[in-house]
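Reviewing the structure listed below.
The values are calculated or read from the model by the stated rules, or taken from the named source; none is laboratory data. All values derive from a computational prediction rather than experimental measurement. With ideal geometry, Cβ positions are generated from the backbone for all residues, glycine too; neighbour counts draw on all protein chains shown. Protein only, heavy atoms only, side chains kept; ligands, DNA and RNA dropped before computing areas. Shrake-Rupley method; radii C 1.70, N 1.55, O 1.52, S 1.80 Å.
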Amino acid sequence: MGTLFVISGPSGVGKGTLVKLLMREDKELALSVSCTTRNPRAGEKDGESYFFLSREEFCKRKDEDGFLEWDEHFGNFYGTPKSFVLEQLKTKSVILEIDVKGALQVKQALKGSSVSPVLIMIAPPSEEALATRLSRRGSESEEELKTRLERVKYELSNRDRYDYTVVNDDLGEAKETLQKIIETEKSKRRF
Ligand code: 5GP
């Protein structure tokens, strides 16, 4: 049986890039594919980017306890499919890349089961560093930037609830730290 790794971190911290690198280098890892009710964007394939469901299908699965966690963003539902994750875990370790709220819900949902998730927070070197990075992108209005920075504070204020925090100052170093954590946790469960 594999280990379940839940990776969170504020937007702009580089967690998507880190997860991509991990997946490329470790073929024994599976990335969980979420379900959503939003429409596919150009280039997105069903079962790869997301499992695209109708609202009816999503609600049916939700009522059947088919999600480890779910949430609504921008008027659409998103959820982590329980059966997909548990099935993958039979042969591989699985990575969930989800926000703090989702991560804590997953931990709660699995309490008392044989799956004990390892929660990893990707953090910026400092809040100021991330704030500078986000404002330099220049893609957000003042108001959006303020909301994002509040969100950053909220996410980072939960780091004590995580098993590990990895600071992404240098991408290569952060990747190596993550790989070491994954190897350590995988081997703990082998014996
Ligand atoms: P997008 O539609 O841009 O792909 O994602 C919108 C938001 O949904 C993002 O904040 C993303 O993190 C969140 N999201 C994606 N999958 C899941 C999921 O399985 N569970 C939860 N709670 N949020 C998700």
- Item | Mean accessible surface per residue for the chain, computed with a 1.4 Å probe while every protein chain stays in place, in Å² | 57 Å²
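Relative contact order (percent) for the chain, with alpha-carbon contacts under 8 angstrom and 6 or more residues of separation?
RCO, the chain: 33 percent.
Relative to the compact-globule scaling 2.2 N^0.38 Å, provide the ratio for the alpha-carbon radius of gyration of the stretch 137-191. Can you show the working numbers first?
On the way: Rg = 16.1 Å, N = 55, 2.2 N^0.38 = 10.1 Å.
This ratio for the stretch 137-191 stands at 1.60.
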- Query: Out of every Cα-Cα pair in the stretch 65-111, what percent are more than 17 Å apart?
  - Reply: 32 percent
- Message: Two decimals, Cα atoms only, Kirkwood Rh: what is Rg/Rh over the stretch 82-191?
- Response: 1.02
- Task: Rank Val13, Ser114, Val166 by how far each Cα sits towards the positive end of the charge dipole of the chain (+1 on Lys, Arg Cβ; -1 on Asp, Glu Cβ) and give me just the farthest.
- Result: Ser114
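Is the stretch 18-67 rounded, prolate or oblate when judged by the Cα gyration tensor, a ≥ b ≥ c being the square roots of its eigenvalues, rounded requiring a/c under 1.5 and prolate requiring a/b larger than b/c? The partial results should precede the final answer.
Numbers: a/c = 3.88, a/b = 1.70, b/c = 2.28.
Oblate, since a/c reaches 1.5 and b/c is not below a/b.
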- Taking the simple approach of a point 7 Å from Cα along Cα-to-Cβ for both Ser113 and Arg161, what is their distance in nm? 1.8 nm
- Which three extents, in whole angstrom, do the alpha-carbon atoms of the chain cover along their principal axes, largest first? 43, 42, 32
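If you put +1 on each Lys and Arg Cβ and -1 on each Asp and Glu Cβ, how big is the dipole of the chain around its Cα centre, in Debye rounded to 20? Show your work: numbers first, answer last.
Working: 32 positive and 33 negative charges, 94 e Å.
That gives the chain a dipole magnitude of about 460 debye.
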- Item | Accessible area of the stretch 1-158 belonging to carbon and sulfur atoms, whole % at 1.4 Å probe | 49 percent
- Query: Is the shape of the stretch 21-113 best called rounded, prolate or oblate, per the rule: a/c under 1.5 gives rounded, else a/b larger than b/c gives prolate, else oblate, with a ≥ b ≥ c the square roots of the Cα gyration tensor eigenvalues?
  - Reply: oblate
